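Working notes, beginning with the structure itself.
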Amino acid sequence: MSTHASAPIPCSPEEIASEGLKPGEYDEIVKRLGRHPNRAELGMFGVMWSEHCCYKNSRPLLKQFPTEGPRILVGPGENAGVVDVGHGQRLVFKIESHNHPSAVEPFQGAATGVGGILRDIFTMGARPIAALNALRFGTLNDPNTRRIFAGVVSGISHYGNCFGVPTVGGEIYFDQAYAGNPLVNAMAIGLMETKEIVKSGAAGIGNPVLYVGSTTGRDGMGGASFASAELTDESEADRPAVQVGDPFLEKSLVEACLEAFKTGAVVAAQDMGAAGITCSTSEMAVNGNVGIELDLDKVPVRETGMVPYEYLLSESQERMLFVGHKGREQELIDIFERWGLHAVVAGEVISEPIVRILFKGDVAAEVPASALADNTPLYERDVLAEPPTYAQTAWAWQESDLPDCSVAGIEGQSWNDVMLALLGTPTIASKQWVYHQYDHQVQNNTVMLPGGADAAILRLRPLEGDDGSSSQSGVAATTDCNPRYVYLNPYEGGLAAVAEAARNLSCVGADPIAVTDNLNFGSPEKPVGYWQLAEACRGLADGCRAFDTPVTGGNVSLYNETVDSDGKPQPIYPTPVVGMVGVIDDLDKICGQSWQNSGDQIYLLGTSFGEGGTVTLGASEYLKVIHGQVAGQPPKVNIELELMVQAACRHGIRQGWISSAHDCAEGGVAIALAESAITGNLGATITLSNATLSNAAQRYDHLLFGEGGARIIVTVAPTHQTIWETYLKEHLKQQWALLGTVASVDTQLIIQTSEQETLVKLDIATMADCWRYAIERALN
């Protein structure tokens with residue numbers, strides 16, 4: 001056997017650039033190899049040294065995240081995080097992006113994003129029980145955005161529905177900043193079914209390496225590098241870098257994998273996701289401190305004439321790599337063949353810590369495993385000493401810069417008009433057009449349907465051998481991030497994303513326990529881009545420490561920029577999405593956002609209005625939609641108050657006092673009230689105290705639509721009013737207010753000042769029509 005098919009010669013600058021590598025990185029490759037790489041090896045380095053795989057710009061920032069806690073069983077570094085949720089149950093969860101593929105081919109890009117995150121879950125030995133997604137698009141008045149939006153939603157629903165996993169929650173924002181570069185972040189949750197958590201580190205010299213699942217083709221070629229580059233007008237030509245998924249085959253794959261894991265014949269497993277065979281071989285070798293030899297002639301293919309470069313960089317879907325116990329290969333092969341899947345022994349574990357790829361009797365590639373998966377480039381960049389000019393300019397804005405307003409309204413618009421305009425904004429409006437396409441009840445464990453509460457709730461079904469003690473327990477999950485907050489102040493925006501996620505879980509009665517994050521940013525090579533990334537990570541880290549929610553893993557997606565025809569890159573808003581899970585001990589002690597009973601008392605927990613409070617019109621949806629401005633400082637997070645308010649909400653739910661809870665987010669208290677009224681089909685007369693507003697600036701828009709954390713609207717039955725208010729006086733001091741009483745069915749929502757001046761008076765039916773069908777109208 002020859003050591004190399006041909007003696008490598010130096011690669012040309014064009015070849016180096018085509019793999020997404022910089023000249024200096026090529027020099028490092030030569031240093032690590034002690035020679036020039038051949039074409040296949042250069043491709044391997046190109047994908048493994050991409051930001052998508054090696055986090056070369058973000059790793060130094062990720063070190064500050066808290067990753068340990070009493071419930072954390074597996075933290076960052078494996079296919080997904082694992083947490084202890086009590087009763088002997090272990091929850092597996094992770095979020096990942098599929099942004100660039102979805103921009104080029106929305107349906108398959110989104111579908112394979114779902115498929116990839118589901119494989120991360122069952123590779124650990126868990127059965128996927130739910131999916132969520134965090135989506136960002138341009139504005140719906142743009143035909144191209146409408147095409148991408150419809151395609152992405154269709155792709156998510158296709159894969160999830162066919163695979164048989166309920167899509168139970170998530171969030172969607174629409175903003176011009178995402179016009180050319182949508183964000184598709186897919187999150188999945190699973191429940192461990194195997195006694196041992198299946199890890200990815202190869203072990204046992206001489207143990208067989210099995211290739212299992214689907215065949216390998218040319219689809220998805222170089223997808224990891226594609227995901228780490230800006231989008232241009234020519235990106236349409238990158239369609240081959242978009243993978244093609246088969247959810248029915250993956251359904252067979254999950255069953256075969258779980259059956260195989262339960263035999264004890266599997267030593268380690270790794271999903272073939274980004275960078276395919278290259279990534280799975282090198283990561284398994286590095287994680288086990290061994291080497292892997294793989295023969296490409298053994299790999300099942302769906303196309304003829306493929307060369308090593310294509311095998312190694314293919315991202316064909318529904319494929320995995322196993323290390324099995326020697327002598328038990330056939331046992332594993334039989335399981336996969338019974339499920340109609342390929343399973344072949346394609347290599348073995350070797351003692352030398354290298355990845356050796358064989359092809360037609362020759363060594364096609366031989367690379368130190370650590371050079372691909374561990375000893376990769378790292379860029380420590382300087383953070384701007386001063387905030388960039390755009391931020392300082394935005395921070396100079398003040399509420400007093402807005403036109404004067406009165407009880408009647410602002411600039412010819414009544415507050416009723418403003419309220420309906422905000423309810424009809426796609427970011428705020430109901431997402432029913434989206435989630436009605438998802439099967440959110442398959443598996444029969446969905447306790448709270450999409451649109452019913454601030455977080456999804458799932459029953460934890462008892463597993464084999466369970467004594468039944470877990471039958472009443474559940475988990476809640478949410479994804480959150482207000483990108484405009486992060487753009488205007490990355491630190492506060494990052495902190496606010498964690499606070500809102502914890503608040504959403506608290507609103508359904510769940511204790512927040514852990515986080516997975518998806519960092520979607522522009523280019524880190526630009527000082528402003530890196531400042532946004534570094535500051536947002538600092539905010540996330542502080543938030544996760546404050547709320548005691550360690551990070552178990554996640555995904556970094558940089559270079560989310562669209563290069564226009566003039567060659568100017570347009571970055572997205574920095575969008576660090578927080579996926580958070582929480583535990584619920586008793587599923588009888590939960591609540592949704594809808595008002596339940598006429599006569600219930602309506603309370604606002606949390607921050608007061610006016611000066612000294614953290615409520616502001618800066619960075620608000622109102623400021624953007626009504627005044628066309630993106631300016632001001634976002635609301636400052638008051639961690640102490642957040643913890644108090646969230647604890648009070650959870651306590652009230654568990655005591656059975658609270659019958660509904662809804663946090664105040666985009667659109668402020670007025671929109672939160674409207675949403676609870678619409679979904680409950682019950683009206684109310686609300687009194688908002690304007691005594692805290694200075695007489696010189698009676699900003700009724702601040703009162704209605706100001707945004708700020710630590711605010712939750714709850715309703716309480718009159719029979720519990722006394723004990724509830726006693727509890728509030730003791731635990732929340734002055735930080736709460738009684739706003740009004742839920743009225744009878746299908747009446748009006750009336751919002752007035754403490755001087756009985758009516759600001760808003762709208763029929764529930766009028767608001768409901770505007771809010772429910774806004775997205776459909778925009779699409780048509």
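The values are calculated or read from the model by the stated rules, or taken from the named source; none is laboratory data. These numbers come from a predicted model, not from an experiment. Counting neighbours? That spans all protein chains shown, and the Cβs are built from the backbone with ideal geometry, glycine included. Accessible surface areas use protein heavy atoms only, side chains included; no ligands, DNA or RNA. Shrake-Rupley method; radii C 1.70, N 1.55, O 1.52, S 1.80 Å.
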Note down the magnitude of the dipole of the chain about its Cα centre, charges +1 on Lys and Arg C-beta and -1 on Asp and Glu C-beta and zero elsewhere, to the nearest 20 debye. 860
Check VAL583: other-chain or 5+ apart residues with amide H under 5 Å from its amide H, H built from backbone geometry? ALA476, ASP511, ILE513
Let's see if you can work this out: charge +1 on each Lys and Arg Cβ, -1 on each Asp and Glu Cβ, no other charges. What is the dipole magnitude of region 676-780 about its Cα centre, in debye to the nearest 20? 200
For the pair ASP566 and ARG545, the simple spin-label estimate (label points 7 Å beyond Cα toward Cβ) gives in nm 4.3
From the gyration tensor of the Cα coordinates in the chain, what semi-axes in whole Å does the equivalent ellipsoid have, largest first, with each one equal to sqrt(5λ)? 48, 29, 21
Relative contact order for region 560-712: what is it in percent, counting Cα pairs under 8 Å that are at least 6 residues apart? 35
So how do TRP415, TRP657 rank on accessible area, 1.4 Å probe, biggest first, that is with the largest at the start? TRP657, TRP415
Multiplying the sequence separation of LEU140 and GLN756 by 0.36 nm and subtracting their Cα-Cα distance, what value in nm do you get? 217.9 nm
With a 1.4 Å probe and every protein chain kept in, tell me what percent of the accessible surface of region 585-661 is carbon plus sulfur. 41
Largest-first ordering by accessible area, 1.4 Å probe, given options THR389, THR215: THR389, THR215
So what J values fall out for region 699-715 if you push phi through Karplus, 6.51 cos²θ - 1.76 cosθ + 1.60 with θ = phi - 60°, rounded to Hz, Gly and Pro as x? 8, 5, 5, 4, 5, 7, 10, x, 10, x, x, 6, 10, 10, 8, 10, 10
By the C-alpha gyration tensor axes a ≥ b ≥ c (rounded if a/c is under 1.5, else prolate when a/b exceeds b/c, else oblate), the shape of region 712-772 is prolate
Could you order MET448, MET644, MET580 by accessible surface area, starting with the largest, using a probe radius of 1.4 Å? MET644, MET448, MET580
Ratio of alpha-carbon Rg to the 2.2 N^0.38 Å globular estimate for region 298-406, to two decimals, please. 2.05
Tensor-based shape of region 90-142 (alpha-carbon gyration tensor, a/c under 1.5 rounded, otherwise prolate or oblate): prolate
Modelling each spin label as a point 7 Å along the Cα-to-Cβ direction, I'd like the TYR727/THR215 distance in nm, to one decimal. 6.2
Expected sort for 22-28, 148-154 on mean C-beta neighbours within 10 Å, highest first, is 148-154, 22-28
Using a 1.4 Å probe on heavy atoms of the protein chains only, the accessible area for ASP586 in Å², nearest 10, reads 50
If I take every Cα pair under 8 Å that is 6 or more residues apart in region 78-129, average their sequence separation and divide by the length, what percent do I get for the relative contact order? 33
In Hz, Karplus ³J(HN,Hα) per residue of region 654-668 (6.51, -1.76, 1.60; θ = phi - 60°; x = Gly, Pro): 5, 7, x, 7, 8, 9, 7, 8, 8, 7, 8, 10, 4, x, x
At a probe radius of 1.4 Å, what is the per-residue accessible area of TYR491, in Å² to the nearest 10? 40
What FRET efficiency comes out for VAL442 versus ARG35 if R0 is 45 angstrom and r is the Cβ-Cβ distance? Round to the nearest 0.05. 0.25
How far, in nm, would the chain grow between LEU449 and ASP297 when pulled straight, counting 0.36 nm per residue and subtracting the alpha carbon separation? 49.9 nm
Name the long-range amide H neighbours of THR216: under 5 Å, sequence gap of 5 or more, or other chain; modelled H, no Pro or chain starts. VAL301, ARG302
Counting Lys and Arg as +1 and Asp and Glu as -1 over every other residue whose Cβ sits under 12 Å from the Cβ of HIS731, the net charge comes to +1
Cβ-defined net charge surrounding VAL153, 12 Å radius [Lys, Arg +1; Asp, Glu -1]: +3
Extension length gain for TYR390 and SER18 (0.36 nm per residue less Cα distance), in nm, is 130.6 nm
From the square roots a ≥ b ≥ c of the eigenvalues of the alpha-carbon gyration tensor of region 536-614, which class results: rounded (a/c under 1.5), prolate (a/b over b/c), or oblate? prolate
I need the GluC sites (Glu not before Pro) found in region 589-658, filtered to DSSP loop residues with at most 11 other beta carbons within 10 Å of theirs. GLU611
I'd like the FRET efficiency for GLU68 and ARG381, computed as 1/(1 + (r/R0)^6) with the beta carbon distance as r and R0 of 22 Å, rounded to 0.05. 0.25
Computed ³J(HN,Hα) along region 520-531: with the Karplus parameters 6.51/-1.76/1.60, θ = phi - 60°, integer Hz and x for glycine or proline, the list is 9, 9, x, 6, x, 7, 9, x, 5, x, 6, 4
Solvent-accessible area per residue for the chain at a 1.4 Å probe radius, Å²? 34
Charge context of TYR603, other residues only, Cβ under 12 angstrom, K/R +1, D/E -1: -1
Give the long-range amide H neighbours of VAL355: residues separated by 5 or more places, or on another chain, with amide H under 5 Å away, using H modelled in the peptide plane at 1.01 Å from N. ILE292, VAL367, ALA369
Computed, not fitted: 222 nm per-residue ellipticity of the chain from DSSP H runs ≥ 4 (each -39500 (n - 2.57)), nearest 500, equal to -10000 deg cm²/dmol
Rounded to the nearest 0.05, FRET efficiency between LEU463 and ASP588 (Cβ-Cβ, R0 22 Å) equals 0.55
Carbon + sulfur, % of accessible area of region 274-365 - ligands and nucleic acids excluded, 1.4 Å: 48
So, relative contact order of the chain in percent, Cα under 8 Å, 6 or more apart, is 15
What is the distance, in nm, between label points placed 7 Å from the Cα along the Cα-to-Cβ direction at LYS526 and at GLU352? 4.6
